[in-house]
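Novice: Got a structure for you, questions after.
Each value in this text was obtained by applying a stated rule to the coordinates, not by laboratory testing. From a predicted model like this one, the values you see are computed outputs, not experimental measurements. Virtual Cβ from ideal backbone geometry, glycine too; neighbours counted across all protein chains shown.
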Amino acid sequence: MRILVAGGAGYIGSCTTEYLLDRGHEICVFDALLNGHRQAIDDRAQFVFGNLEDYSAIDKTIKDFKPEGVIHFAAFIEVGESMKLPGKYFRNNVANAMNLAEACATNGVRKIVFSSTAATYGMPKNIPIREDEPTIPINAYGESKLMFEKILVWYEKIHGLQYTALRYFNAAGATEKHGEDHNPETHLIPLVLQAAEGKRPHISVFGTDYDTPDGTCIRDYIHVLDLAQAHLLALENQTSGAYNLGTGNGHSVKSIIDTVKSVTGKNFKVEYADRRPGDPARLIADSTAAKTILGWKPKYDDINAIVESAWKWRLKFPNGYQN
Ligand code: UDP
């Protein structure tokens, strides 16, 4: 397949690009390198430096490359920042994304696969979460993703552009070549690994009084290659819909810290801090729909293996992509 990957220089985008290239697909990465890294773009992919705010740039790229499918990763992802700068999130994650949908519809692209998020659910009542759980985001980031999911429903109805929204739970882990390198880093596993490397004086645990067995938040960490697999299945699937992607296993912040200590063999300081605003106590996916409808078969359900892959990548690239 010829696949356009918007945001292919970011964490999940670069790992998915590698996965697709390994399976013989032809890839064009479209990325403005705002948060992504030039070094994260696989040599085997074509690269167009461009921003989705520029309709003519994405329209020309689609006209030239003629993709059969498009994957859209090019969005801002920080919950905390979205609560300070909502306009930044709605402009990029909704308005600029619409340029991509419009260019797909105009140029007869059959399918768009969209990186959505568990943050679309807000504070879910039922755990594990199914796709029919009410979507009531509690931050501007989650709302911006949900808004674009809804826009895609109308592009399908009106223009026949099929879509799959993949609601990721907590993406984690790395491939041999590509891993997580955000600046600033806000995600738990890379931060704990940095503490293990001695690059941070300590790791802070945000909240110890949640209604969970050890009082810390529980999340469902899913390996980035399992996410990559779901994107290919979604491109091959000829229907539209939204799917959760998670392992169905929950891990507390404290247990992740213990896992990192055991995988790395390093000890480091742990500090107990206040809750971070907007954090639900538990987010665990029910991914039955992705398995039965898309045929998704996640391979990594062991948190040790997920953390180990991220640690190996850090050992190989101690300064991330800045080497
Ligand atoms: N977390 C933490 N300390 C940190 C970063 C994150 O205790 O330095 C917690 C955070 O409050 C949440 C969990 O780890 O409960 C996962 O956070 P992350 O930002 O990785 O992903 P999110 O679930 O927010 O998408």
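Novice: Given the peptides 62-75, 200-213, arrange them by the average over their residues of other C-beta atoms within 10 Å, most packed first.
Specialist: 62-75, 200-213
Novice: A further question on this structure: Could you tell me how many degrees, from 0 to 90 and to the nearest 10, lie between the Cα long axis of helix 224-236 and the main elongation axis, the longest principal axis, of the Cα atoms of the chain?
Specialist: With both axes taken from Cα atoms, the answer is about 20 degrees.
Novice: Taking only DSSP H segments of four or more residues, each worth -39500 (n - 2.57), what value at 222 nm results for the chain once the sum is divided by all its residues, to the nearest 500 deg cm²/dmol? Please list the in-between numbers first.
Specialist: Working: 10 runs with 110 residues, N = 323.
Taken over the chain, the calculation gives -10500 deg cm²/dmol.
Novice: Between residue 91 and residue 22, how many nm apart are label points set 7 Å from Cα along the C-beta direction?
Specialist: The modelled label-to-label distance comes out at 3.8 nm.
Novice: 7 Å from Cα along Cα→Cβ at both residue 43 and residue 68: what's the point-to-point distance in nm?
Specialist: 2.7 nm
Novice: Right, something else. Can you give me the relative contact order of the stretch 242-323 as a percent, contacts being Cα pairs under 8 Å and 6 or more apart?
Specialist: Values: 47 pairs, mean separation 37.3, N = 82.
Averaging sequence separation for qualifying contacts and normalising by length gives 45 percent for the stretch 242-323.
Novice: Test of understanding: what is the full-extension gain from residue 186 to residue 136, defined as 0.36 nm times their sequence separation minus their Cα-Cα distance?
Specialist: The residue 186-residue 136 span can extend by a further 15.7 nm.
Novice: Once the Cβ-Cβ distance between residue 204 and residue 238 is put in as r, and R0 is 56 Å, what FRET efficiency do you end up with, to the nearest 0.05?
Specialist: Efficiency for this residue pair is about 0.75.
Novice: Need the C-alpha centroid separation for the stretch 139-161 versus the stretch 217-265, integer Å.
Specialist: 23 Å
Novice: Taking every DSSP beta bridge that has both residues in the chain, what percent is antiparallel when rounded to the nearest 5?
Specialist: Around 5 percent antiparallel, to the nearest 5.
Novice: If you line up the long axis of helix 303-316 against the longest principal axis of the chain, both from Cα atoms, how many degrees apart are they, to the nearest 10?
Specialist: 80 degrees
Novice: Using the charge dipole of the chain (Lys, Arg: +1 at Cβ; Asp, Glu: -1 at Cβ; taken about the Cα centre), state which of 173, 284, 141 has its Cα farthest towards the positive end.
Specialist: Farthest towards the positive end: 173.
Novice: Now for a separate question. Fully extended, how many nm does the chain gain between residue 56 and residue 176 (0.36 nm per residue separation, minus their Cα-Cα distance)?
Specialist: Full extension from residue 56 to residue 176 adds 39.6 nm.
Novice: Between residue 84 and residue 258, what is the spin-label point distance in nm, taking each point 7 Å from the Cα along the Cα→C-beta axis?
Specialist: 3.4 nm
Novice: Here is a follow-up. Angle check, please: helix 253-264 long axis (alpha carbons) against the longest principal axis of the chain (alpha carbons), in degrees 0 to 90, nearest 10.
Specialist: That works out to roughly 90 degrees.
Novice: Then there is this: Give the relative contact order (percent, whole number) for the chain; include only Cα pairs under 8 Å separated by 6+ residues.
Specialist: Values: 679 pairs, mean separation 59.4, N = 323.
Here the relative contact order equals 18 percent.
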